[in-house]
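The values are calculated or read from the model by the stated rules, or taken from the named source; none is laboratory data. Just so you know, these numbers come straight off a predicted model, no measurement behind them. Neighbour counts are summed over all protein chains in view; Cβ atoms, including those assigned to glycine, are modelled from backbone coordinates with ideal geometry. Areas reflect the complete protein model, heavy atoms only, side chains present, ligands, DNA and RNA absent. Shrake-Rupley method; radii C 1.70, N 1.55, O 1.52, S 1.80 Å.
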Amino acid sequence: MFENIGLSFQGIWNHKLRSLLTMLGIIIGIASIIAIVSTIKGTNEQIKQQLIGAGNNVVKVQLCQGGYQINLQYNSIPDGVGVLSEDTRAQLEELDGVLDVSLYRERTYVENVYRQNSAFNGTMRGIDSNYFDVNGYHLYLGRGFTQSDYENYSKVAILDQAAAESIFPGENPLGQILEIYQEPFTVVGVVAQRSTYEPQINSYEEYSLYVGSQSGAVYLPDTLWPIICQYDEPQTVDIQARSTDDMTSVGREAEEIINATLSVSDESDISYASTDVLEQAQQLQQLANATNQQLIWIASISLLVGGIGVMNIMLVTVTERTREIGLKKAIGARRSRILWQFLTEAAVLTSLGGVIGVLAGIGMAQVVSRVAGSPTAISVPATLIAVLFSMLIGVIFGLMPAVKAANLNPIDALRRE
């Protein structure tokens, strides 16, 4: 085997230009496929990142009716829906694939938060002690909520960076007073997200969603929520999964646990539902893959052309080396030895083309990424499969010339000029 490989490289080196031209079809085909696969993988990762956001693997489970979220800011609490207990939280935390759980309440575009005569139109949340960790926030200024803040119903507030810049432009917000539902709250801290991810905005709907999320948020201890809003109300649940792939299963299991606490009729169509962003990402990925698979088939045509080129050059090689084949058979070389020699030479030729094609494909993917601005991600399995596939092409298209060489009559071969 090693002798055959050595002879193959010697033959390729002796006919460098011819070998390069023979490999060209393989190189172009493999390079095209690697570039396309790399672009597909990069696009899929971008889709997943854009939908999942900052990468905290957070699954949101919220109260819905008929598949739509119930906004308790404008709707009364449905009968049979109560506050989630600590026992329910404990069950959620014990699920496989769960890192942490947070329960909180929320008001969007609140109109009862003032600083002097200036109103804040962002989001207000009543959060537990886990919320910032679950959602990937870190303390930027000041302090966080302490256990005594929750137990003593302290009127303190924490802002995110967007809210701090909106309410206190150019000022230090720490120690400042906010009027929330006509009650004075002292700002004790400012938080910021750990991720610097910013989504790409391609439509007015995405712009509205993004701008709405960037208006900022004011956070209060959740024990103050019944005092501020005059009544207690069901929470939204944020669950941090161990990995992105765990998000779907965690969301489904969490739905079952939380819905078991409800006492509602089937006719009301009220239930807790998780937002399965991973499934949305997979649907978009499948749509992108369906288009890109067609490009892969088109690129594969060049592999077929390259295979035909290999077959052609191997037939020429057999003709050129007829006397050599005859001499080997005359001194006792078996048909299998001749067969494997030419198959090995064809496989080495196409494998070398495959390796060059992989390198060219990686280079093409980087060029496409820079020119078109699209992300790329090199797939190691795809590169290995590409090299093996190119070797397989050499075996398939080199089989007929190898069989022809093995079947030559030694006497006729020696007579060939």
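Grab the Cα-Cα distance for R337 and V371, subtract it from 0.36 nm times how many residues apart they are, and report the gain in nm with one decimal.
Numbers: separation 34, 0.36 × 34 = 12.24 nm, distance 5.02 nm.
Full-extension gain reported as 7.2 nm.
In the complete set of protein chains, residue-level accessible area for Y131 is approximately 10 Å², probe 1.4 angstrom. Taking every Cα-Cα distance in segment 48-143 and sorting them into 5 Å bins from zero, the calculated P(r) comes out as 2, 9, 14, 20, 22, 17, 10, 4, 1, 0 percent.
Stretched out straight at 0.36 nm per residue, the stretch from L359 to Y74 would grow longer than its current Cα-Cα span by 96.7 nm.
For R194 and L392, what does the FRET efficiency come to when R0 = 45 Å and r is the distance between their Cβ atoms, rounded to the nearest 0.05?
On the way: r = 47 Å, r/R0 = 1.04.
After rounding to 0.05, the efficiency reads 0.45.
What does the net charge come to around C229 if you take all other residues with beta carbon closer than 14 Å to its beta carbon, with K and R at +1 and D and E at -1? The answer is -3. The listed residues F120, F389, F132 rank as F389, F132, F120 when sorted by accessible area, largest first, using a 1.4 Å probe. Rounded to the nearest 10 square angstrom, S85 shows an accessible area of 50 square angstrom against a 1.4 Å probe. In this simple spin-label model, placing a label point 7 Å from the Cα along the Cα-to-Cβ direction at both L304 and L17 gives a separation of 3.1 nm.
Find how much the distance from D245 to M400 grows on full extension, using 0.36 nm per residue of separation minus their present alpha carbon separation; answer in nm with one decimal. Display every interim value, and only then the final one.
On the way: separation 155, 0.36 × 155 = 55.80 nm, distance 4.73 nm.
Residue separation times 0.36 nm, minus the Cα-Cα distance, leaves 51.1 nm.
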